[in-house]
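> One structure, as structure tokens, below. Some questions next.
A short reminder: the numbers here are calculations on the coordinates, not readings from a lab. Everything numeric here is computed off the predicted structure, so don't read it as measured data. Cβ sites come from the backbone with ideal geometry, for glycine too, and all protein chains shown count toward neighbours.
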Amino acid sequence: MNTVTIVLLVILVVLIAAVVVLYFLGRKAQKKQAEQQEQIEAYKQTVSMLIIDKKRMKLKDAGLPTAVIEQTPKLLRGSKLPIVKAKVGPQVMTLVCEESIFESVPVKKEVKATVSGIYITAVKGLHGTAIVKPTKKKGWFKRNVEKLQEKAGAKPLK
């Protein structure tokens, strides 16, 4: 056999083995995530709270309880999480917010939030109204492209 074909076969076998390993690791991670989501759903409750502040902070700088910090893997302790400081009843608490709703959490407003432990999963306005996300400003380039398209008679891209 030619050495080029042998090298290509070895590379092909290694790639196939890597794909199989990644497939099984992905399935295992997906099962673990489904179990965690079930636990969050089981322990969720609706709480009325006043949002004081929200930031993206490192886990060790957020002021969370030491038990929470000890339970997280060492690699994730340095990563930034969406942290919300809120007044729940008479107590000021530091809570972790879900990434998908972090932008829609209003600051200095009273909201009804769905909380599971120290994890905020959903936020509604105090009277059941949904909170709208703030619209992002368009950049200089995008504004100028839209102006030029209008002048040319073309529709602006969405």
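> With an 8 Å Cα cut-off and a minimum separation of 6 or more residues, compute the relative contact order for the chain in percent. Kindly include the intermediate steps, with their values, before the conclusion.
On the way: 184 pairs, mean separation 30.7, N = 158.
Computed value for the chain: 19 percent relative contact order.
> Between their Cα atoms, which of Lys74/Lys124; Lys32/Lys55; Lys28/Lys142; Lys28/Lys112; Lys32/Lys58; Lys58/Lys108 are more than 31 Å away from each other?
Lys74/Lys124; Lys28/Lys142; Lys28/Lys112
> Once phi is turned into θ = phi - 60°, what whole-Hz ³J(HN,Hα) does the Karplus curve with 6.51, -1.76 and 1.60 give for every residue of region 49-58, x standing for Gly and Pro?
8, 9, 7, 8, 7, 9, 8, 9, 10, 5
> Further question: Rounded to the nearest 500 deg cm²/dmol, what is the calculated helix-only ellipticity per residue at 222 nm for the chain, with -39500 (n - 2.57) per DSSP H run of length n ≥ 4? Mind showing how you got there, number by number?
Values: 3 runs with 59 residues, N = 158.
The helix-only estimate for the chain comes to -13000 deg cm²/dmol at 222 nm.
> Listing Tyr23, Tyr119 from the residue with the fewest other Cβ atoms within 10 Å to the one with the most, what is the order?
Tyr23, Tyr119
> Okay, moving on. Between [x] 23.8, 78; [y] 14.5, 42; [z] 15.0, 47, which matches Rg and Dmax of the Cα atoms in Å calculated for the structure shown?
[x]
> Using 0.36 nm per residue, how much length does the chain from Ile69 to Ala17 gain when fully extended, once their Cα-Cα distance is taken away?
15.2 nm
> Mind listing the long-range amide H neighbours of Lys109? Cut-off is under 5 Å, sequence gap 5 or more, other chains count too, H placed in the peptide plane at 1.01 Å from N.
Residues meeting the amide H criterion: Ile51.
> Can I ask one more? Can you tell me the orientation of helix 3-42 relative to the chain, as the angle in degrees between its alpha-carbon axis and the longest Cα principal axis, to the nearest 10?
20 degrees
> Determine the gain in length on full extension of the stretch Val88-Glu38; use 0.36 nm per residue of separation and subtract their C-alpha separation, reporting nm with one decimal.
Roughly 15.5 nm would be gained on extension.
> Relative contact order for region 40-125 using alpha-carbon pairs under 8 Å, separation at least 6, rounded to a whole percent?
Working: 161 pairs, mean separation 32.4, N = 86.
Result for region 40-125 is 38 percent.
> Each residue of region 91-98 in order: what ³J(HN,Hα) in whole Hz does its phi give by Karplus 6.51 cos²θ - 1.76 cosθ + 1.60, θ = phi - 60°, with x for Gly and Pro?
9, 8, 10, 9, 10, 9, 9, 5
> A further question on this structure: Using θ = phi - 60° and the Karplus curve 6.51 cos²θ - 1.76 cosθ + 1.60, what whole-Hz ³J(HN,Hα) does each residue of region 68-77 get, with Gly and Pro shown as x?
Listing the rounded values in order: 5, 5, 5, 7, 7, x, 4, 5, 7, 5 Hz.
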